[in-house]
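Below: one structure, written as structure tokens.
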Amino acid sequence: MVKENHRDSTSARYTSPHEADVKTLCKQECVRIVNSKRCRYALIPLVLFLTILVIYVIFDYPPEPPPFCATAACIRTGWNLKQSMNLQVKPCDDFYSYVCGGNWTKLSDKRKPGNEWQNLLAENVSQSDPKPVRQAKQMFNVCTNRGNRIVEGYGKLEGYYTRFGLPAIPTVLKRSEGWAVEEDLPFDWVDSVAQIRRSLGLNVLIGIDAADTNRLVLGYPDLPKGWDYPTSYRPKIEHVSQLLETVQIVATNMIQVADAINPSWNITDRDNKFENLGYQIQDLHRLLPNKTTTTSADDQTTISVQDLDPMLQRYLNSLFTNLPDAKPAPTDQLQISSSNHQYLKDLIKTLTNQDPEQIELYIWGVVSTFLLQHQFSHVGLESDCADQVRQLMGPAISYMAIEANNPNNASVEVMLQRVRPELKQTILAIDWMDEPSRNGSLTMINAKIEVLERVLNASKLELYYRELDVGGNNLENWINGLGFVSKNTLKSWRSTSGSQWDPAATILQKPFRDLGLDSLNLGSLGVTLISELLSGLANSTSWSNRTNEAYAHLATCSEFDLDAVGLILAMQVFKRMEETEQPLPGEFFTAQQAFFISYGWQTCNGDRGERSISRVNNVVRNFEPFSEAFECSAGSPMNPEEKCSVWN
């Protein structure tokens, strides 16, 4: 019995009540886990479906855009305007103070042109730059290099004087020293001044201007800085002082040139002898006809080449040597005023009776004084060198400036295409302009447009500068540049693409960056571009006397008519655009208001003088769309009852 109750070690394991509960719980947990995984697997399709539904809703119903222009350009412009403007001023009372009355001077994007030219030219030369850009940078670097300027000195001058038909030492001085004089080679002053004009662009004795397309203009000569001989001598202290000072300047300049060309020459009492030459120059200068002031009554006339004095005909033949396409034909008409014509007659009469050696001395002194202005043997400031390069290679600097600013849709090229048709239509529709003046205006405008297209296109820029040589000698670079500009000026009168207009200063004074909206870009770049293209038309040879008189009568009510016509035509371009603009962030100006604010903003001036205020207020107050844009009541300062309009 006891044996039966004894647990056999080989029988099944005994399970206590506690262990049975644990097993049950484990089974239940396993079932729960399994069921949970199945639920998860069952939810995957549902999650995928909901995800697809959300994506579909997002793309099919995008969120509403912000109620303002949110591009980087718009945000930048909006912030700058917010700081620049004085919103406490009512725009209908004083628009200039409204736009420019804030703290704009600390935030302005405007820079001094000279500094900008210097910064662009000081950049490293890149082989990817167009050749004219590389040449402009090289010209600047050579000019600012002290070593080049000192080593170079005046050593190249003799070759240039030979080109001008001038001796290494004035013949008058040679004769007084008993030195050999080439008697068989008389001095040809006509050919000499023609060569100087071709090489330096300097008008000596005879003046000629070929910057206007389709017109050659005869006139007065140029006088270099420091050439202040009194036209008539009277025994007064101011005349004596002026004469003494000028003689000293001219004598010193001639000494420096003579020493440079003749480094080993030996002359006693040099300073006094050159001072005496300075007084001899004064003697001839006093005999030359005086320049008279041209008045409005001094009408421009024309004269054919064949009717000119034979000496002037010879001057033109020499001047246009190797320029057969530009050389005036005998029947070509030259522009000249009655005072200019009388001056040239008197000049020829005077010089015909003068000793050629005295005329040679006079020209020798003028050229020496002109060349010494450059001070090419001294260390020049970088700003001076930058200004020199701009004068000689302005289109190349304009190209650099536009590339640097990268204005995108505010680019000159895009804006040019927008405003060009409006300019043509306006010129053709003006009733106070006669037909010859319309044709002349369109010719001048097209010539300027071709200049702009040149600075926007690297290939056209390289083609334009293909004949310019730039090397390691500053003096040669300067004179080569002067000759290049002079030659292109002489060729320009025969060509509609020959305008000598240089847009560099305008482009750099008002960097044409994208302001974010078409209204803003048209109010700034558009207005400026139109004004620049029209500048120079009034009182030019492109207009007849009748048109000039009509314009002068109409323009008496406003001295800022170019800004006004720029504003008018830019607004016409804007109205023809179909796109609706979002407002700038901030005050939410309308597109029309933004247009005028942009115009005023780019005209702001830190001194807030009367001229700056008038330039903005006097233009907008005479333009009805401005009053409509800002809802100015009739008779308010910016909406007078009577308005001045020239170009409408």
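Each value in this text was obtained by applying a stated rule to the coordinates, not by laboratory testing. Quick caveat, the model's predicted, so the values are computed rather than measured. Using ideal geometry, Cβ is built from the backbone for each residue, glycine included, and neighbour counts are taken over all protein chains shown.
The table for this structure:
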quantity: Value of Rg/Rh across the range 154-373 [Cα atoms, Kirkwood radius]; calculated: 0.98
quantity: For peptides 318-324, 581-587, sequence by mean Cβ density within 10 Å, most packed first; calculated: 581-587, 318-324
quantity: Under-5 Å amide H pairs with Ser304, H placed in peptide plane, nonlocal only; calculated: Leu334
quantity: Sorted peptide list for 302-313, 481-492, 563-574, 418-429, criterion being average Cβ within 10 angstrom, highest first; calculated: 563-574, 481-492, 418-429, 302-313
quantity: Charged-residue dipole, Cβ positions (Lys, Arg, Asp, Glu), the range 154-373 about Cα centre, Debye nearest 20; calculated: 240 debye
quantity: Residues Trp432, Trp493, sorted so that the one with the fewest Cβ neighbours within 10 Å comes first; calculated: Trp432, Trp493
quantity: Cα centre as origin, Lys/Arg/Asp/Glu Cβ charges: the range 318-372 dipole, Debye; calculated: 160 debye
quantity: Members of Lys82/Lys643; Lys131/Lys487; Lys291/Lys349 lying beyond 25 Å, as alpha-carbon distances in this model show; calculated: Lys82/Lys643
quantity: Long-range HN-HN contacts of Gly201 with modeled amide H, under 5 Å; calculated: none
quantity: Integer Hz, Karplus 6.51/-1.76/1.60 couplings in order for the range 618-633, x for Gly and Pro; calculated: 5, 7, 6, 5, 9, 10, 4, x, 5, 4, 5, 5, 9, 6, 6, 5
quantity: Interchain or long-range residues, amide H under 5 Å from Ser337's placed H; calculated: Thr301
quantity: Among Phe187, Val240, Leu344 - extreme Cα towards positive end, dipole of the range 154-373, charges at beta-carbon; calculated: Val240
